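The values are calculated or read from the model by the stated rules, or taken from the named source; none is laboratory data. Just so it is clear, the model here is predicted, and its values are computed rather than measured. As a convention, Cβ positions derive from the backbone with ideal geometry for all residues, glycine included, and neighbour counts pool all protein chains shown.
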Amino acid sequence: MKIIRGIYHLKKINSNSVVSIGNFDGVHLGHQKLLSTVYKIGTENNMLKIIILFEPQPLEFFNNKNPPKRITKFFQKIKYIELYKIDIVICIKFNKFFSNLNPKEFVKKILIKKLNIKFIISGEDFKFGSKRNGNISFLEKISKKYNFSIIKIKSIYKNNIKVSSTNIRKYLLKNDIESAKLLLGRRFSIIGRVIYGKQIGRKLGFPTANIKLNNNISINNGVYAVKVNYFLEKKIYLGICNIGIKPSFNNIKINKLLEVHLFNTDIDLYEKKIEIFLYKKIRNEYFFTSQEKLKKQIFEDVKIVKQYFNILDQNLLIR
């Protein structure tokens with residue numbers, strides 16, 4: 001899969017294409033339906049399968065002081081999109097110039113002249129262009145002039161709740177991980193590369209693998225029961241993680257950090273990429289006045305997580 005960053009690096013393609021446009025934050029069940037339709041139509045008609053994304057996401061650009069929380073980092077989003085055998089992902093920088101581009105100009109200059117589209121796969125509430133004046137009705141009118149077709153995908157509902165990034169964010173920020181999973185179509189996870197820390201956890205008897213997080217991630221600070229996918233070994237481990245700013249050891253505000261302790265194993269994860277699947281929030285992040293109090297609390301947390309997973313201490317590795 002080829003990734004093209006910016007419209008200035010976009011050259012005219014020599015093939016017809018099928019395109020879907022959006023943020024794809026979370027790559028939830030609705031996005032998955034769009035992606036599978038792009039794959040199906042593209043394969044059946046021997047066309048290039050193209051996804052157009054925006055960075056930053058439009059709402060982040062317009063609300064830069066208080067942007068909506070992100071469900072997935074960009075590279076994690078790309079990882080999920082790649083599963084649908086998409087040929088090209090075009091990442092357009094969303095800035096003032098692009099935000100003022102009217103829908104007709106976007107269709108003409110990018111979709112027609114550059115991408116030679118023959119199909120647009122779109123959700124029924126899709127909007128684009130200056131002041132979000134572009135919508136399905138507009139596309140249906142202009143499609144006759146430029147000879148392309150629109151395939152409209154109906155919204156998906158689970159338990160009468162619309163599958164949307166907005167609703168998934170709401171569930172995650174209410175610590176309702178299971179409802180978020182229902183709309184995502186998979187368990188919420190965080191992927192990152194393990195960095196070197198201060199080894200405080202090791203001194204307390206609970207060594208951790210640490211991953212830097214963006215502060216705008218859609219998950220609350222706290223302690224969670226988790227499973228960890230170690231990509232290099234293709235193995236899943238059970239563990240416990242803390243998400244937060246380590247208030248007991250920091251006097252200044254820092255970026256969020258994910259610290260995960262794997263049960264009954266001592267593998268070297270430094271600079272390795274892992275995926276952490278969140279199962280249940282155990283408690284909020286607390287400030288502790290001493291390392292001894294923190295250590296005591298960690299023992300209690302680990303006990304709760306082991307009870308949650310219904311596991312014993314002998315062998316906690318899932319093969």
Discussion item. Within the stretch 98-205, considering only helices (runs of 4 or more DSSP H) that don't extend past its boundaries, which have at least 2 residues that are exposed (fewer than 15 other Cβ atoms within 10 Å of the Cβ) and assigned by TED's automatic domain parsing to the domain that holds S290?
Written reply: 200-203
Worksheet, complete the sentence: Result of the Cβ filter at 9 Å on the stretch 63-75, keeping first residues that are farther than 26 Å from R187 by Cα and partners that are part of a loop (DSSP other than H, G, I, E, B) and at pLDDT below 90, at least 6 apart or interchain, is N64/P56
Worksheet item: Mind checking whether some residue in the stretch 57-71 is within 30 Å of R193 (Cα to Cα), modelled with pLDDT of 95 or more and not basic (K, R)?
Response: yes
Item to complete: Could you tell me whether G42 is under 26 Å from I190 (Cβ atoms) and at pLDDT 95 or above?
Response: no
Item to complete: State the number of residues belonging to the stretch 37-60 that are touching a residue at least 12 places away in the same chain (Cβ under 8 Å), more than 25 Å from N221 (Cα to Cα) and surrounded by 15 or more Cβ atoms within 10 Å (Cβ to Cβ).
Response: 15
Worksheet item: Does the stretch 139-157 include one or more residues that are out of contact with any strand residue (DSSP E or B) (no Cβ under 9 Å at 6 or more places or on another chain) and either modelled with pLDDT of 95 or more or under 20 Å from N46 (Cα atoms) (or both)?
Response: yes
Worksheet item: Looking only at the stretch 52-66, which residues are more than 14 Å from the chain's Cα centre (by Cα) and closer than 18 Å to K131 by Cα?
Response: P58, L59, E60, F61, F62, N63, N64
Worksheet entry | Residues (farther than 30 Å from D268 by Cβ and among the aliphatic types (A, V, I, L, M)) located in the stretch 158-195 | I161, V163, I168, L172, L173, A180, L182, L183, L184
Practice prompt. State all residues of the stretch 260-274 that are buried (at least 17 other Cβ atoms within 10 Å of the Cβ) and under 27 Å from L182 (Cα atoms); if no residue qualifies, say none.
Written response: V260, H261, L262, I274
Worksheet item: Are any residues in the stretch 74-97 crowded, with 16+ Cβ neighbours inside 10 Å and assigned to a loop (DSSP other than H, G, I, E, B), and if so, which ones?
Response: Y84, I86, D87, F94
Worksheet item: Only one residue in L29, L34, L53 is in contact with a Cys (Cβ under 7 Å, 6 or more places away or on another chain) and aliphatic (A, V, I, L, M), so which one is that?
Response: L53
